[in-house]
1. Any chance you could check the Cα centroid distance between the range 115-171 and the range 188-215 for me, in angstrom?
2. Treating only the Cβ of Lys, Arg, Asp and Glu as charged (+1, +1, -1, -1), what charge dipole size does the range 292-404 show about its Cα centre? Round to the nearest 20 debye.
3. Quick one, which of (i) 46; (ii) 43; (iii) 63 is the actual percent of Cα pairs over 30 Å apart calculated for this model?
4. Please identify, among Phe42, Phe271, Phe58, the residue showing maximal mean-square fluctuation in a Gaussian network model of the chain using a 10 angstrom Cα cutoff.
5. Just how large is the dipole of the chain about the Cα centre, in debye to the nearest 20, putting +1 at every Lys and Arg Cβ and -1 at every Asp and Glu Cβ?
6. Any idea which of Gln53, Ala64, Leu14 is furthest toward the positive side of the dipole for the chain, if Lys and Arg beta-carbons carry +1 and Asp and Glu beta-carbons -1?
7. Quick one: dipole size for the range 1-121, taken about the Cα centre, charges +1 on Lys/Arg Cβ and -1 on Asp/Glu Cβ, in debye to the nearest 20.
Amino acid sequence: MTYESLPFATRARLHEQLAGYLEGQIAAGRLREAPLLDTLVFHYLCSDNRAKQREYLFKAGESALEISAFTTAVEYLTPLMDLLPIGDPTRSTAALQLAEAHKHLGNISAAQAAIEQAQLAAITDADWAAALAALGGMTSGMGDYTGAQAILEEAVALARASENSLTLCRVLYALGSQYWRLGKMDRVHALMTESLTLARALGNAQRELYALNALATVAWLQNEAEAEHNFQSIYRQAVAVGDRLSAVTALNNLGVMADDRQDYQAARDYFQQALTLAREIGAQEDITLGLLNLADEEIKLGHLDAARAGSREGLALALRLGALPRVVQVVVNFSYLAYAEGQIEYALALSGLASHHPAWGSEHQRELDAALARWALDPAVVAAGLAKGAALDWDATIQALLQE
């Protein structure tokens, strides 16, 4: 008798039996679970065992996120949400995992909807803290730094009250990232150090890499040689555990360091590697960052047509994502391009326009200060040129840059 001729009830029973056999082999140590998650999901979805369907869809979604397989994570976590009843203790966590995957893929409305689901499903202080951390991260990414800080500080307070180490580890990192944008490096160091300690105690390699990347960036401001060694080590660790998103971050940081020592070709190579990997995993904001970083190096190497094309693509993507800090960054990129083409007054006006935007952050200011130091213009010329940015219309300028 062929499979197709079997009654559906018989097929479902056979799928469950095969999945159960595989579980037994895993329990006995003869097989590893991770490579079989997709197979277990398939067989249990073909069965009538709803509890096992939920268990393995959750495990598979979580595993996909660990290796930055965001599209795969959405494919697992979307049906999981349909199977999790209201009141299920894992529903809020699953919704936040789905939100994370959607956010990286650039589906902002779906990410926001999933965060709302997580808030509706929240039961414990840890659930509420994790949901607020996700909301705060989204808010910061859209340029509302004041709102994000308030949300994330509330998340940390709830996480501490919950005594849930993993949640606290996550929200400390989120608040530390927000303080980075505000230039409060002492707070960044303290929060990331605590997050790192928790990640190591939990044995969570992904959270450890996130904190290490942030701490190495802070250390770079004091000791470049040590920071570069740390980024190289972080990149190797990320590759070893399959955390491709952390690898992208490390490559971008190595590129920034190479740029700082004026090794523009090395910086370009690092940024190109980061962009290629970001495209591979579909991480849209990281693609945006890669495009902007690469365009900056193309300017310094004299490849102005390539810089313009990359900046336009990065601007269009940042606008689609609503990532206003990236939009601000690309306006500054265009100012560098204008300067390279001899349009000094326009270059300064663009930088002045960007610096008055609410999403202007400490990192933007550091980059602009470095550019102005390179240009070595008369301070009066700089002041007058930056002031002219106030007369530019933001929306009209953005549209013009998209057409350059």
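1. After rounding, the separation between the Cα centres reads 17 Å.
2. About 160 debye.
3. After the calculation, the listed value that fits is (i).
4. Top of the fluctuation ranking is Phe42.
5. Computed charge dipole of the chain: roughly 660 debye.
6. Leu14
7. In debye, rounded to 20, the range 1-121 gives about 180.
Values in this text are rule-based calculations from the coordinates and carry no lab data. Keep in mind that this is a model prediction, so the values were computed, not measured. A quick note on method: Cβ atoms are made from the backbone with ideal geometry, for glycine too, and the neighbour counts reach across all protein chains shown.
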